[in-house]
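Below is one structure; the comments refer to it alone.
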Amino acid sequence: MRSPIYLDYAATTPVDPSVADLMSQYLTSQGIFGNPSSSTHRFGRLAAEAVAIARAHVAALIDADPGEIIWTSGATEANNLALRGISRTRQGRHFVTSKTEHKAVLDVCRRLGKEGWTGTYLDPQADGLIAPDQLAAALRPDTVLVSLMHVNNETGVVQDLAALGALTSARGVLLHVDAAQSAGKLPIDLKTLPIDLLSLSAHKLYGPKGIGALFIRHRPNRIQLEPLLYGGNQERGLRAGTLPVHQIVAMGEACRIAGTGLVDECARLQALRDRLWYGLSTLDGTVLNGHPTRHWPGILNVSFAGITAEALLAAVPDIAVSTGSACTSATAEASHVLRAMGCDAERARGAIRFSLGRFTTCEEIDYTIQVVIEAVNRLRDLSPLWHPARAYSSLIDWSAPV
Ligand SMILES: *Cc1c(COP(=O)(O)O)cnc(C)c1O
């Protein structure tokens with residue numbers, strides 16, 4: 001028996017050991033435990049300094065100014081603060097988003113719909129991309145806000161933010177980007193990208209859970225938002241509550257580490273991802289869900305013809321992967337992302353998301369290929385429905401988007 005292999009980095013990442021070390025220095029009486037708002041004494045001032053350094057690290061990762069970073073409890077809260085915060089400054093207007101967004105955007109948008117806003121939900125192309133033309137056609141004179149993610153959490157598809165942002169900025173429409181899956185993994189340069197609001201999460205980049213940030217552009221003009229929480233003047237009144245210094249310091253350090261290794265790590269993951277894909281695609285009837293080239297290499301989403309994701313997951317208990325729809329668990333509901341991309345229900349229900357990360361090794365990938373191939377063959381042998389000729393013919397249109 002070997003210990004299970006973790007290939008679910010898109011769900012969460014382990015905290016980097018050096019980040020955990022640093023974090024532990026901000027808790028006890030031997031460490032820096034003060035309240036950063038307590039400016040009257042040294043305990044508070046040391047904590048405030050640590051927060052300022054962390055803010056600078058987060059800002060540097062995305063080429064922003066530290067003053068543009070607001071701490072939140074994660075990307076979910078950052079998305080809420082961005083979308084609801086903007087909506088409360090303007091009454092009943094129009095927004096645009098896509099059907100492949102994370103629930104942490106879609107559920108907020110649904111809420112805006114109940115508050116008098118109208119939304120356009122774009123259908124991506126079969127490869128998961130939103131074409132600039134589609135966005136251009138959806139913008140209306142009363143459009144206030146567009147929310148589109150950078151890297152999709154199920155497929156790894158990378159949207160062309162420069163092209164999409166060029167449209168919104170030309171029309172004076174605000175652009176919010178959920179970058180929970182891309183920050184620290186792909187370069188994000190907010191000095192050149194015309195993005196107004198951007199959400200980050202620490203636990204997707206080897207920091208702790210329960211901390212994230214929202215970038216709010218200040219130049220040329222400071223974007224006005226209504227806070228979600230009241231109760232203190234922290235974060236310029238945009239996010240009340242005592243700052244969780246240990247988590248903030250940890251997020252800052254996680255961002256610093258991610259930024260230094262970003263290019264090399266991306267290349268390393270690309271090689272591992274290609275190895276995994278070539279290995280798995282030696283099986284008949286393996287299809288890639290997503291874009292063949294515009295993808296972040298840490299995520300590989302595949303369906304195996306004739307196999308449901310649940311059956312395969314149960315057959316490989318020592319590989320920790322998820323179904324395409326990590327958030328719809330027991331309902332066996334097909335992924336809303338894959339369905340929006342036009343995958344049929346069978347293919348969507350068969351989707352498995354392998355997500356790789358900093359601690360993934362080549363040996364783990366080789367073992368994964370071996371046990372998945374064995375499991376797929378075993379399940380197909382047992383299945384009265386599996387017939388290579390039949391599955392193969394049904395695959396002709398399956399493979400169309402790829
Ligand atoms: C994980 C994730 C979120 C939620 O982030 P939390 O920090 O856990 O709230 C939002 N959007 C995307 C794309 C994610 O992957």
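Coordinate-derived values only; no laboratory data. Treat the numbers as computed from the prediction; the structure is a model and nothing was measured. Backbone-built Cβ (ideal geometry, glycine too); neighbour counts: all protein chains shown.
Give me the extension gain from residue 345 to residue 228: residue separation times 0.36 nm, minus the current Cα-Cα distance, reported in nm with one decimal.
Details: separation 117, 0.36 × 117 = 42.12 nm, distance 3.78 nm.
That pair, residue 345 and residue 228, stretches by 38.3 nm at full extension.
Name the residue from 113, 352, 64 whose Cα lies farthest towards the positive end of the charge dipole of the chain, charges +1 on Cβ of Lys and Arg and -1 on Cβ of Asp and Glu.
In the chain, that residue is 113.
In nm, give the distance between the simple-model label positions of residue 271 and residue 310, each being 7 Å from the Cα along the Cα-to-Cβ direction.
For residue 271 paired with residue 310, the spin-label model returns 4.0 nm.
Subtract the Cα-Cα distance of residue 374 and residue 45 from 0.36 nm times their separation in residues, and report this length gain in nm to one decimal. Working shown, then result.
Details: separation 329, 0.36 × 329 = 118.44 nm, distance 5.86 nm.
Contour length minus Cα-Cα distance gives 112.6 nm.
Once the dipole of the chain is set up with Lys and Arg at +1 and Asp and Glu at -1 on Cβ about the Cα centre, which of 277, 298, 46 lies farthest towards its positive end?
Value computed over the given set: 46.
How much mean residue ellipticity at 222 nm does the chain get from its helices, if each DSSP H run of length 4 or more adds -39500 (n - 2.57) and you divide by all residues, to the nearest 500 deg cm²/dmol? Write out the running numbers ahead of the final one.
On the way: 12 runs with 156 residues, N = 402.
Helices in the chain give a 222 nm mean residue ellipticity of -12500 deg cm²/dmol.
Can you give the local net charge around residue 147? Use residues other than it whose beta-carbon is closer than 11 angstrom to its beta-carbon, Lys and Arg +1, Asp and Glu -1. Please list the in-between numbers first.
Details: positive: none; negative: 101, 178, 196.
Computed value for this residue: -3.
Which residue fluctuates most in the GNM of the chain (Cα springs below 10 Å): 214, 243, 81?
Its mean-square fluctuation being the largest, the pick is 243.
Which residue, 309, 183, 166, tops the fluctuation ranking in a GNM of the chain built on C-alpha contacts under 10 Å?
166
Given the pairs 103/209; 114/185; 114/209; 103/185, which span a C-alpha to C-alpha distance of over 28 angstrom in this model?
Working: 103/209 18 Å; 114/185 35 Å; 114/209 30 Å; 103/185 21 Å.
From 103/209; 114/185; 114/209; 103/185, over 28 Å: 114/185; 114/209.
Could you tell me which of 238, 192, 156 has its Cα farthest along the dipole of segment 17-260 towards the positive end, charges placed at Cβ (Lys, Arg +1; Asp, Glu -1), taken about the Cα centre?
Ranked along the dipole, the leading option is 238.
With N residues in segment 17-83, what two-decimal value do you get for its Cα radius of gyration over 2.2 N^0.38 Å?
On the way: Rg = 13.7 Å, N = 67, 2.2 N^0.38 = 10.9 Å.
Working it through for segment 17-83, the quotient is 1.26.
Roughly how many nanometres apart are two label points built 7 Å out from the Cα toward the Cβ at residue 30 and residue 111?
Computed distance between label sites residue 30 and residue 111 equals 4.2 nm.
Assigning unit charges at the beta carbon (Lys, Arg +1; Asp, Glu -1) and nothing else, what dipole magnitude in debye, to the nearest 20, does segment 241-339 show about its Cα centre?
Charge dipole of segment 241-339: 240 debye, to the nearest 20.
Only helices at least 20 Å long along their axis, Cα-based, and averaging 1.0 or more on Kyte-Doolittle count here, so list those DSSP H runs from the chain. Walk me through the numbers on the way to the answer.
Details: long enough: 42-61 (29 Å, 0.86); 245-280 (44 Å, 0.27); 362-382 (30 Å, 0.12).
Result, helices passing both filters: zero.
Order these peptides, 28-41, 339-352, by their mean beta-carbon neighbour count within 10 angstrom, highest first.
Working: 28-41: 13.3, 339-352: 20.9.
Order by mean packing, descending: 339-352, 28-41.
So, in nm, how far is label residue 125 from label residue 37 when the simple model puts each one 7 Å beyond its Cα toward the Cβ?
5.0
Just how many % of Cα pairs in the chain lie over 41 Å apart, if you round to the nearest whole percent?
Values: 13897 of 80601 pairs.
For the chain, the share of Cα pairs beyond 41 Å comes to 17 percent.
Under a cut-off of 20 Å between alpha-carbon atoms, report the aspartates and glutamates in cross-link reach of residue 191, not counting same-chain residues fewer than 8 places apart.
Counting by Cα, and skipping residues close in sequence, residue 191 has these aspartates and glutamates nearby: 63, 65, 68, 160, 178.
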